[in-house]
Each structure stands twice: as structure tokens, then as C-alpha cells.
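Visitor: Take this structure first; my questions come after.
Rule-based calculations on the coordinates, nothing more; no lab input. In this text, all values refer to a predicted model and were calculated from it rather than measured experimentally. Cβ coordinates were reconstructed from backbone atoms using ideal geometry, including for glycine residues, and neighbour counts include every protein chain displayed.
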Amino acid sequence: MVAVLPRRHSLMSVHFENVPPNEDVAYAKVTRRLIPFLFCCYIVAYLDRVNVGFAKLQMQSDLQLSDTVYGVGAGIFFLGYFFFEVPSNLLMRRVGARFWIARIMLGWGVISAATALTNGAEVFYGLRFLLGIAEAGFFPGIILYLTDWYPSRRRARIVAWFMMAIAAAGLLGGPLSGWILQSFAKVGGLAGWQWLFILEGLPSMVMGVAVLFYLDNGIREAKWLTETEREMLLANLEGEQRTKAHLSVGQTLRNPWVLLFSLIYFCISMGLYGVGFWLPQIIRNTGVKNALGIGLLAAIPYGCAAVAMILIGRSSDRTGERRWHFAICALTGGVGLILSTLFPSNVSAAIVALSVATAGILSSFPLSWTMPTAMLAGSAAAAGIALINSIGGLAGFVSPYLVGWIGDLTHRLDVGLYVIAFFLFLGALLVVVVVPVNLADAIARKNGTDLRT
């Protein structure tokens with residue numbers, strides 16, 4: 001018996017070592033490792049991008065800037081962003097995600113903090129443009145990075161978890177920005193808005209250094225997975241690659257489906273940046289004057305959006321349906337914006353309407369990425385994702401400029417919000433009417449190849 005037991009124990013060990021890992025357990029391990037960290041990275045990224053909306057509450061009067069100047073300065077970020085998105089994603093494919101994402105975060109952290117040096121319109125424009133160049137590639141790089149870990153059937157809820165950082169940035173950033181504006185005014189001879197840029201730029205630099213030590217470039221480098229788990233995850237991705245379009249970069253940039261998704265993304269981005277850059281002003285217009293009070297109220301719509309993003313992303317993954325989930329969210333966002341203009345002096349009603357708008361707008365974003373990432377692979381994915389995000393990002397220039405210009409022209413903020421709502425309705429219409437139910441088959445016919453073989 002003594003001689004037999006070790007042998008039986010050895011056989012049992014071999015047996016259990018060769019049991020295929022549970023797929024859900026393996027992906028849960030990946031999610032615990034990646035998503036909380038990337039979530040924190042995106043929070044500081046989004047804060048540095050839109051904290052100018054809170055800085056406006058003091059900076060505009062200190063520097064004597066018009067709404068049009070503010071709108072151009074807020075939006076010019078996205079011109080730099082536009083020109084460097086595609087090159088940045090292609091470079092990330094060459095040098096690896098870890099180094100490239102760290103480089104991006106360190107660069108934008110320094111420039112964001114330097115925005116405290118703004119002393120007029122020209123410097124404001126220049127620093128915002130440089131910030132766009134520095135941050136170019138971060139968001140599409142992360143979306144591309146997630147496609148290297150998760151198959152498309154799991155992607156809606158994962159992208160929703162990641163993009164919930166926008167909601168978290170609003171939830172945390174509103175009160176934080178309001179507190180900094182109020183508490184740091186005149187400290188060290190600097191205005192509150194200057195401290196806002198400095199203090200919210202520092203976390204990006206810290207996270208940039210952390211990326212170098214924490215992120216893996218892909219599944220093959222993930223030593224925290226077992227060999228069997230790595231093989232299973234790679235097999236899932238490799239099986240999916242055979243159903244995707246393997247196009248050259250040039251073909252991708254001219255592909256009508258990529259251009260269509262770019263237009264759709266532009267439409268919903270008009271809503272995102274309309275809310276992101278003007279929400280503090282909308283709340284102030286209802287009669288709230290205290291900066292901290294504005295920040296606390298601004299957190300409510302983002303808190304509602306955080307819950308909605310996860311529930312809707314989970315529903316879309318469970319049913320496998322994307323188009324109507326997206327369309328309903330975009331329509332809800334547009335209706336919420338219109339309703340928010342109907343209560344110019346009722347804070348509670350305006351916050352409810354803005355919560356509906358923000359929940360609809362933010363929930364549409366993870367859904368929008370499930371469609372193009374399900375069709376592109378390789379360099380086509382890198383270029384296509386970057387192009388969609390860069391064209392969509394132009395809304396970050398158009399949206400604040402358009403609202404600011406219309407506001408200066410009409411002395412009314414609501415007219416600009418109606419225009420933004422129109423773009424959200426257009427995005428919903430394009431997805432329902434133009435995007436086919438079976439996207440893969442339609443692309444195969446368009447490209448003249450059967451992508452399923």
C-alpha cells in the first residue's frame with residue numbers, strides 16, 4: 001500500500017493538471033488584473049481632458065475670455081488628437097503597449113499641469129493643442145489592447161467597465177474640481193483654476209510610471225496565467241481572427257464600413273463632449289453659484305451613467321444584440337438633453353434630465369465599439385480603431401466650439417444643446433437603417449471575400 005499511494009497520487013496530479021481551465025474563471029482573472037488598473041488610467045486621462053470645463057468658472061473672467069474663445073480652446077485639443085491617432089496606434093503595435101501607453105501618460109500629465117501657465121487666448125490654444133498631441137492614441141490604444149485579450153462576444157461589458165471611468169471621472173472629478181477651485185484660490189499666489197490643472201496633472205505622471213511595471217504587452221507575457229490558460233485564451237482569439245477582415249492600412253482607411261462607424265462615433269461624441277465641457281455651466285445657469293456645489297451636483301448624472309453602462313453592456317452581451325441597444329441609448333441621450341433645457345431655473349428637474357442624457361450617451365459608447373472591433377484584425381484593427389476614434393474625436397472640437405459660438409450669437413445655451421441632440425438622433429438612425437443585422441456577411445459581400453472561412 002505504501003508503494004502504491006505515491007504512484008496513485010502522481011497520476012491524480014497529472015490528471016488535474018490537464019483538466020481544461022474554466023473559461024469564465026480565466027477571463028475573470030484577466031479582468032481583475034487589467035480592468036481596475038486601466039480604469040484608473042482612464043479616469044486621470046478624462047479628468048485632464050475635460051477639467052477645463054470647471055476651470056472655465058474662474059479662468060474665463062480672470063483672463064477675459066469669451067465663450068467662443070473658450071469653446072475653441074476646449075476643442076482644439078481634438079485637432080492635435082486627430083492628426084496623431086492613427087500613427088500612434090500603429091507605433092503601439094511596433095513598440096508594445098506597455099512602453100507606448102506609459103509615454104502617452106507621462107507626456108500629457110506634464111502638459112496638463114503646464115496649462116496653469118495660461119495667460120491669454122494664444123497660450124490657451126497652444127497648450128490645449130499640445131495636450132491633444134500628447135494624449136493621442138491612449139483611448140484607441142486601450143481599445144486595441146483589450147482586443148488582444150478578449151473575444152468579441154465578451155467585449156461589450158469589458159469596454160463598458162473600462163469606459164465607466166468617464167462616469168467615475170465625472171462622479172469624482174466634479175466634487176474634486178469644485179473643492180480645488182474653492183479651497184486653493186490664492187494659495188501661493190496662484191488662482192484656483194491654476195491649482196486645478198497642476199494637481200490633476202500629477203496623477204497622470206504617477207500612473208504613467210506605474211504602467212511600465214504593471215502592464216503586460218499581451219497574453220504570451222502574462223506570467224500570472226497558467227500555461228493552459230494562456231493557450232486557451234490565445235486559441236479563442238486565433239479562432240476569431242479567421243472571421244475578420246485582414247486589410248492593409250490603406251484599405252482600412254478607405255473602407256466604407258470604417259468610415260460609417262467613424263461618422264456614427266462622431267455623432268455620439270458630439271453628445272459626450274457637449275455634456276463634458278458644458279455641464280458645469282448648465283448647472284450654474286440654474287442658479288447654483290458655489291463651485292463646490294456645482295461639482296457635487298455634476299457628479300449625479302455620472303453616477304447614474306455608471307450604473308446604466310454596466311447593465312446595458314451586460315444585456316447586450318447576453319442577447320448578442322448591438323444595434324437596438326445602441327440606438328435606444330443614443331435616442332435617450334438626445335431626449336434627455338432637450339428635456340434639460342426646459343427647466344432653466346429648476347435645479348432638481350434639470351439634474352434628472354441631465355442624468356437621463358448622460359446615462360444614454362455614455363452607455364452608447366461601449367456598444368459602438370463592439371461592431372467595428374468584431375470585423376477588423378491585425379494592422380486593420382490598429383488603423384481602423386484609431387481612425388474611428390480620431391474622426392469621432394473631432395466632435396470634441398466641433399461640439400464645444402459650436403455650443404460656444406451659438407451661445408455668443410443667441411445668448412442662449414439651449415439652442416446649442418438642440419443641435420447636439422440632433423447628432424445623437426442621427427447616430428441612432430444610421431445604426432438602425434444602415435448597419436445590417438449580420439455585419440460580417442455584409443462586409444464579406446462588400447470585400448468580395450467570405451470572412452468566415
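Visitor: What ranking do 59-72, 355-368, 415-428 get when scored by the average of other Cβ atoms within 10 Å per residue, highest first?
Guide: So the order, starting with the most tightly packed, is 355-368, 415-428, 59-72.
Visitor: In the neighborhood of Trp100, defined by Cβ-to-Cβ distances under 12 Å, what is the net charge if each Lys or Arg adds +1 and each Asp or Glu adds -1?
Guide: +4
Visitor: Would you calculate the convex hull of the Cα atoms in region 63-114 and tell me its volume per residue in Å³?
Guide: Cα convex hull per residue, to the nearest whole number: 68 Å³.
Visitor: Mind ranking 312-325, 221-234 by how tightly packed they are, going by the mean number of other C-beta atoms within 10 angstrom, highest first?
Guide: Output ranking for 312-325, 221-234: 312-325, 221-234.
Visitor: I would also like to ask the following. What is the order of Thr31, Thr341, fewest Cβ neighbours within 10 Å to most?
Guide: Thr31, Thr341
Visitor: Quick one: Ile282, Ile391, fewest Cβ neighbours within 10 Å first, how do they rank?
Guide: Sorted ascending by nearby Cβ count, the order is Ile391, Ile282.
Visitor: For region 97-108, what does the Karplus curve 6.51 cos²θ - 1.76 cosθ + 1.60, with θ = phi - 60°, yield as ³J(HN,Hα) per residue in whole Hz, taken in order and with x for Gly and Pro?
Guide: Values, residue by residue: 5, 4, 5, 6, 5, 4, 4, 4, 5, 5, x, 6 Hz.
Visitor: Shifting gears a bit: Show which aspartates and glutamates lie in cross-link reach of Lys56 when reach means a straight Cα distance below 18 angstrom and same-chain residues fewer than eight apart are skipped.
Guide: Asp48, Asp67, Glu122, Glu200, Asp408
Visitor: To make sure I understand, if each residue's beta carbon is the centre and we count other beta carbons within 10 Å, what order do Lys289, Lys29 fall in, fewest to most?
Guide: With the sparsest Cβ surroundings first, the list reads Lys289, Lys29.
Visitor: Grab every C-alpha pair in the chain, bin the distances at 20 angstrom width from 0 up to the longest one, and report whole percents.
Guide: 25, 55, 16, 3, 0
Visitor: Let me ask something else. Cα centroid distance between region 291-357 and region 79-142, in Å?
Guide: Using only Cα atoms to place each centre, the spacing works out to 28 Å.
Visitor: Roughly how far apart, in whole Å, are the Cα centres of region 197-236 and region 31-72?
Guide: 25 Å
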